[in-house]
Structure formats: C-alpha cells, structure tokens
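The values are calculated or read from the model by the stated rules, or taken from the named source; none is laboratory data. Since we're looking at a predicted model, the values are computed, not measured. No Cβ is skipped: glycine too gets one built from the backbone with ideal geometry, and neighbour counts run over all protein chains shown.
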Amino acid sequence: MTYVTRDSGNRPTQPTAPTAPPKAVAPPGHRIDLATLLPDGKAVSAAMQSPPMATATIVTAETPRAGTATPPPCAGVADAGGATTFGPGFTGMSGMELRNPADPNTWMVAYAVGYPGPQAAERIPAAATWLGCANTGVTFTADGRPARQLAVGGVTSDDGTLTAEFTEPGRSCQHVLTTKADVVVDVLACSPGGGTQAAELAKQIADKVS
C-alpha cells in the first residue's frame, strides 16, 4: 500500500522515491590501449632472428614483475617491468614475455607503462639506479625461479634513454628503458649471441605512441 502524506499547508505530497546506491567508479585508465603498443610474435621473431618465437605462447601481464637483487639497487637492471622501477603513480601497464621454446637462452620481456603526463614518465629513467650498477656482479632472484648470476657491463644514459648490457651463463642481454610522450618503454632481450634487439624492439613500441 502507498501512503500519501500532507505537508504543513495541508497539501498532498508525492511519495519519496528510494535513493539508488552510488555506482562504483573505476580508476582512471591510460589514454591509449597500452597492449596495442607491444609487438606480436612475428615482430619479436624478426628482431631476435629466432623463427620459433613467431608462434610461441606470449605471456601477458598488467602488474609489475617481482624480484630482488644483491646489490638491491640493481634489481631494475636485471629485469624489465620490475616493481622497483615502476612504483605507484602509473595510469596503466601492459607487459609481455616471450621465450624461444627450442632455446631457453633466447627470450624477451617488454612493458609499456602509462603515466599522467610526459614529465611524470620522464622521471622514471631519471630516477633509475642503473648507472651505479655498471661493471658489477649481480645476483637476481625472481619469484618462483632460481637465482641468476649476472655480470653487468656498460650502462649508458643518452637523451633520457638508459641502456644496460649484461651476461649470464649461456646468454648476453641488452636492457633498454626509454620514454615517448607519457609512456615508458622497458624492454629486455637475451640471446646466446647478444645484440641490440632490445633497442630495436623498444623503438618499435615507442614509434606507435602518438
């Protein structure tokens, strides 16, 4: 039964409609779909000169990768997408890992991470501790994996782009951290012969940012 009440002026008033609960507000995302910036298997295969990677399974992620290092400041050099590199404040994150199923020493990790603006993105390479890890032995342990022994060689900073090279048993790696507009690009590429595959893939990703 619906009741109609009267106000002090003896006039009928309409029943009050129930108040709808407030809707949950999703956190703001990045202005572009970061996943579309990452390369597919064919692009990785071509850059790495590794045909099996063209059809290998890509592992995706939307959160930073966990890992610890000795010395601790060198964790960011040892792996791409690391939590020590990307703390709070990003507006979106998309990552991928791709391995050659026929050669465990050939693999790559790439992340595209969005920030509120270019200045916020540029602060990530600027704050990285890579330069202090040049010519250093590093023990890196990722979650659920055995510790890796890395010999970090040269680390350079050129116009806001950090590049590190290191070796470990069976492979040589290049790691690149750079920015384009409000996106940070983080790519690690390893292979038995080494090379500049990380720089090539990082450029491919950055070139897609408009």
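Values computed for the structure shown
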item: Inter-residue pairs, beta-carbon under 9 Å, first within 29 Å of PRO146 (Cβ to Cβ) and in segment 168-184, second surrounded by fewer than 24 Cβ atoms within 10 Å (Cβ to Cβ) and among the basic types (Lys, Arg), 6+ apart; result: GLU168/ARG148; PRO169/ARG148; VAL176/LYS203
item: Which listed residue is of a type outside the set (S, T, N, Q) and in contact with a Phe, Trp or Tyr (Cβ under 7 Å, 6 or more places away or on another chain), from ALA61, ALA56, ALA127, ALA164; result: ALA164
item: Evaluation of PRO101 against (1) modelled with pLDDT of 95 or more; (2) under 9 Å from the mean Cα position of the chain (by Cα); (3) loosely packed, with under 15 Cβ neighbours inside 10 Å; (4) not acidic (Asp, Glu) (one fails), failing number; result: (2)
item: Which listed residue, of GLY137, GLY144, is in contact (Cβ under 8 Å) with a residue 12 or more places away in the chain and either surrounded by fewer than 21 Cβ atoms within 10 Å (Cβ to Cβ) or closer than 20 Å to GLY89 by Cβ (or both); result: GLY137
item: Subset of segment 70-89 that is without any contact (Cβ under 8 Å) to a residue 40 or more places away in the chain and over 19 Å from LEU162 (Cα atoms) - its residue that is surrounded by the most Cβ atoms within 10 Å (Cβ to Cβ); result: GLY89
item: ALA164 vs. criteria in a strand (DSSP E or B), touching a residue at least 12 places away in the same chain (Cβ under 8 Å) and closer than 30 Å to THR55 by Cβ; result: yes
item: Filtered residue count, segment 52-63, keeping only those that are part of a loop (DSSP other than H, G, I, E, B) and surrounded by 21 or more Cβ atoms within 10 Å (Cβ to Cβ); result: 0
item: Segment 114-161: number of residues that are over 24 Å from THR63 (Cβ atoms), among the β-branched types (Val, Ile, Thr) and either touching an Asp or Glu at 6+ places or on another chain (Cβ under 7 Å) or part of a helix (DSSP H, G or I) (or both); result: 0
item: Where ALA202 falls short, out of the listed (1) more than 15 Å from the chain's Cα centre (by Cα); (2) buried (at least 17 other Cβ atoms within 10 Å of the Cβ); result: (1)
item: Matching entry among THR84, THR57, THR106, THR70 (being at pLDDT below 95 and among the polar types (S, T, N, Q)); result: THR84
item: Residue under evaluation GLY114, criteria (1) more than 19 Å from ALA206 (Cα to Cα); (2) buried (at least 21 other Cβ atoms within 10 Å of the Cβ), criterion not met; result: (1)
item: Hits in segment 130-146 - residues which are at pLDDT below 95 and among the small types (Gly, Ala, Ser); result: ALA142, GLY144
item: Segment 174-199, residues that are surrounded by 19 or more Cβ atoms within 10 Å (Cβ to Cβ), of a type outside the set (A, V, I, L, M, F, W, C) and more than 21 Å from PRO116 (Cα to Cα); result: GLN174, HIS175, SER191, GLN197
